[in-house]
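What follows is calculated from the coordinates using simple rules that are stated; it is not laboratory data. For clarity, every value in this text was computed on a predicted model and none was experimentally measured. Positions of Cβ are generated from backbone atoms using ideal geometry, with glycine treated the same way; all protein chains shown enter the neighbour counts.
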Amino acid sequence: MSVQKYIHKVMKSTMESTPGQAEFYQAVEEVLSTLEPLLQAEPKYDKYNILERIVIPERQILFRVVWMDDAGKIQTNIGYRVQFNSAIGPYKGGLRFHPSVNLGIIKFLGFEQIFKNSLTGLPIGGGKGGSNFDPKGKSEGEIMRFCQSFMTELSKHIGETKDVPAGDIGVGGREIGYMFGEYKRITGNFEGILTGKGLNWGGSLARTEATGFGSVYFAENILAKRGDTLEGKVATVSGSGNVAIYTIQKLYDLGAKPVTCSDSRGMIYHEKGIDLHTLKLIKEVERKGLDEYAQIHKDAVYIPVGKYPEGTNAVWGVPCDIAFPSATQNELNFADIKNLHKNGCILVTEGANMPSTPEAIHYMMENKIMYGPAKAANAGGVATSQLEMSQNASMATWSFAEVDSKLNSIMKNIFNLSYETSKEFGDEGNLMMGANIAGFRKVADSMIDQGAV
Ligand code: NDP
Ligand code: 2IT
C-alpha cells in the first residue's frame with residue numbers, strides 16, 4: 001500500500017470509530033500528513049501497524065464528578081483521564097477545567113502530548129485529562145470541593161511511575177494543591193503524583209515560569225538561526241494566564257516589547273508595553289477580567305470580544321514582529337495570519353496547544369513566515385514537570401538558576417533536533433515536519449521494541 005493510502009486509511013478509520021471528535025482529527029491529520037517522508041523511508045512502521053496503534057489511547061477513563069455548591073445543591077460534571085501512550089515513560093500531561101472540555105478535546109491534547117514529551121528527550125509518555133467544570137464565578141469552597149471529588153476517582157488511576165498529571169487551562173497552583181491534599185488523605189502517601197506543586201511541598205522552582213520562558217527561548221533559537229535576536233522586537237501575545245504572563249516576562253528580559261494580552265472576554269493593546277505588575281495583580285491575585293487593566297492604564301485600549309472585527313481575533317490585528325498565541329486551540333485563523341503578515345509579522349511561536357488552524361499553518365508555509373509549532377515551542381512546561389519528578393524521586397531541591405538553565409538547554413535541544421530532522425527529510429527549516437517526525441520516531445521505535453502491546 002502506498003504511504004498516502006496508508007495514512008488515508010488510518011484517518012478514515014479514526015473518524016469512523018470515534019465520531020464527533022473534530023479537534024482530535026485535526027491533531028492526528030497534522031501529525032500523519034507530515035510523516036510521509038519517514039514512512040516512505042521506513043516500511044517497518046506500516047509492517048508493525050504503528051499508525052493504527054498510535055491513534056488509539058492505551059486507556060481512557062471517564063467518570064462522574066459530584067460536588068455540592070454553596071447553596072447546598074448537588075452539581076454534576078464529567079471527569080476524564082486519557083492515558084494515551086506509555087512507550088517511553090509513565091503517562092504525563094495536564095488537566096484542563098473548562099466548560100468546552102469533552103473527550104475529543106482531551107484526546108487531541110493527549111495525542112499532541114505524546115510527541116511533545118518525546119521531543120523533550122526525557123522519559124515521559126503522553127496523557128491528558130480534565131473536566132467540563134467551569135471555575136469562573138465559583139467560590140474557593142466550591143473549587144476545593146470540586147477538586148476533592150475529582151481526585152477521589154482520579155487517585156485510583158495515577159501514580160509516580162504510572163501517570164503524573166499537572167495543570168493546564170483552569171488548573172494552576174491552587175487546584176493542584178487541593179487535589180494533592182485529597183490524594184494524600186485518600187492514600188496516606190506523600191508522593192510526587194502531580195507536578196506544579198507548591199514550593200513548600202515538593203514543587204520545583206521555575207515550573208510556574210517554564211512554559212512561557214521556554215516558548216520565548218524557542219523563539220530565540222529560531223531567530224538565532226537567521227542571525228537575528230529578540231532585542232527591540234514588538235510582540236503580540238494572546239491569553240493572560242500562566243503561559244501568557246511568563247511569555248511576557250521573558251520577552252522583557254530579552255529586550256523585546258510585548259504589547260497585547262487577552263482573556264475570554266476581551267483584549268488589551270498597550271502600545272508602550274504591557275505592564276506586567278498590573279497584569280499579574282489582576283490575573284494571579286484578584287482573578288478578574290482584563291477590562292480592569294484599562295481602568296488602571298488609561299492609555300491602553302480594551303476591546304471586548306463582541307467588538308472584534310468579524311471572523312478575527314483582535315490580538316492578531318495589532319502590528320508586530322512576532323506573535324505568541326498563548327490562550328487556546330484554533331485562536332489564530334486564516335484571516336488572522338493574513339492580518340499578521342500584512343502588518344509585518346515574521347514569526348509565530350505557539351505557546352498554546354494547536355492555536356493555529358490548518359489554513360493558517362498552510363499560509364505560513366506558503367509565505368515563508370517562520371513557525372514554531374506548539375509541540376516543540378511549549379514543551380518547556382512539561383519538561384520542567386519532569387525535572388520536578390526527578391527532584392521528588394531523589395529528594396533533592398535545585399535552585400531557580402539550575403532549573404532555568406536546564407530548561408534553556410532542553411529548548412535548544414528541541415530546536416536543534418527539529419531543525420536537523422527537517423533537513424534530514426529534505427525540507428530544511430520546516431519545524432512542524434521536523435518536530436513531528438523526531439517526536440514520532442522515538443515513540444514508534446520504542447513501541448516496536450516492546451512487541452505487540
Ligand atoms: P490558564 O488557565 O492559566 O490561562 C488561559 C488563558 O487563556 C486565560 O487568559 C483565559 O481567559 C484564556 N482562554 C482560555 N480559553 C479561552 C477561550 N476559549 N477563548 C479565549 N480565551 C481563552 O491556562 P494556561 O496559560 O496554562 O494555558 C494556555 C494554553 O497553553 C493552553 O492551550 C494550554 O493547553 C497550553 N499549555 C499550557 C502549559 C502549562 O504548563 N500550563 C504547557 C503547555 C501548553 P480567562 O482569563 O478569561 O479565563
Ligand atoms: O500541555 C502541556 O504540556 C501542559 N499542560 C503541561 C503538562 C505537564 O505535565 O506539565
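Sorted by packing (mean other beta-carbon atoms within 10 Å per residue), highest first, where do 257-267, 120-130, 341-351, 371-381 land?
Numbers: 257-267: 22.8, 120-130: 25.6, 341-351: 20.9, 371-381: 28.5.
By packing density, highest mean first, the sequence is 371-381, 120-130, 257-267, 341-351.
Enumerate the calculated ³J(HN,Hα) couplings along region 52-65 in order (Karplus 6.51 cos²θ - 1.76 cosθ + 1.60, θ = phi - 60°), each rounded to whole Hz, writing x wherever the residue is Gly or Pro.
4, 7, 5, 8, 10, x, 4, 7, 10, 10, 10, 9, 8, 10
Rounded to the nearest 500, what is the chain's calculated 222 nm mean residue ellipticity when only DSSP H runs of at least 4 contribute -39500 (n - 2.57) each, over all residues? Spell out each step's value before the answer.
Details: 18 runs with 213 residues, N = 453.
The per-residue figure over the chain is -14500 deg cm²/dmol.
How far apart, in nm, are two points set 7 Å out from the Cα along the Cα-to-Cβ line at Trp201 and at Ser399?
Going by the 7 Å Cα→Cβ label model, 2.8 nm.
Output wanted: per-residue J couplings in Hz (rounded whole) for region 242-251, from phi through Karplus 6.51 cos²θ - 1.76 cosθ + 1.60, θ = phi - 60°, x for Gly and Pro.
3, 5, 4, 4, 7, 5, 4, 4, 6, 4
If you average the sequence gap of Cα pairs under 8 Å that are 6 or more apart and divide by the length of region 109-235, what percent do you get for the contact order?
Working: 101 pairs, mean separation 20.2, N = 127.
Value for region 109-235: 16 percent.
Quick one: which residues, 5+ away or cross-chain, put their amide H under 5 Å from the amide H of Gly372? H built at 1.01 Å from N.
Val348, Thr349, Glu350
Across region 427-433, in residue order, what do the Karplus-derived ³J(HN,Hα) couplings come to in whole Hz, using 6.51 cos²θ - 1.76 cosθ + 1.60 with θ = phi - 60° and x for Gly and Pro?
9, 3, x, 7, 5, 5, 5
Beta carbons within 10 angstrom, averaged per residue: use that to sort the peptides 245-253, 415-423, highest first. Walk me through the intermediate numbers first.
On the way: 245-253: 22.4, 415-423: 20.2.
Listed from highest to lowest mean packing, they are 245-253, 415-423.
Classify region 1-42 from the C-alpha gyration tensor, please: rounded if a/c falls under 1.5, else prolate or oblate depending on whether a/b exceeds b/c. Before the final figure, lay out each step's value.
On the way: a/c = 4.06, a/b = 1.78, b/c = 2.28.
In terms of gyration-tensor shape, oblate.
Please state the shape class of the chain: rounded when a/c is under 1.5, otherwise prolate if a/b exceeds b/c and oblate if not, all from the C-alpha gyration tensor. Provide the component values of the computation, followed by the final result.
Details: a/c = 1.41, a/b = 1.03, b/c = 1.37.
The shape class here is rounded.
May I ask you to order 281-291, 234-244 by the average number of other C-beta atoms within 10 Å around their residues, highest value first?
Packing proxy ranking, top to bottom: 234-244, 281-291.
Normalising by the residue count of the chain, find the relative contact order in percent from Cα pairs under 8 Å and 6+ residues apart.
Values: 906 pairs, mean separation 68.2, N = 453.
Relative contact order comes out at 15 percent.
Tell me which residues come under 5 Å, amide H to amide H, from Cys320 once H is placed; ignore anything under 5 positions away on its chain.
The list, which skips near neighbours in sequence, is Cys345.
Starting from 0.36 nm per residue, how many nanometres of slack lie between Val453 and His8 once their C-alpha separation is accounted for? Let's see the in-between values first.
Values: separation 445, 0.36 × 445 = 160.20 nm, distance 2.34 nm.
Net length gain for the segment: 157.9 nm.
State, as an integer percentage, the relative contact order of region 197-343 based on alpha-carbon contacts under 8 Å between residues 6 or more apart.
Working: 239 pairs, mean separation 34.1, N = 147.
Normalised by residue count, the contact order of region 197-343 is 23 percent.
Would you mind pulling out the separation of the Cα centroids of region 50-88 and region 95-128, in Å?
12
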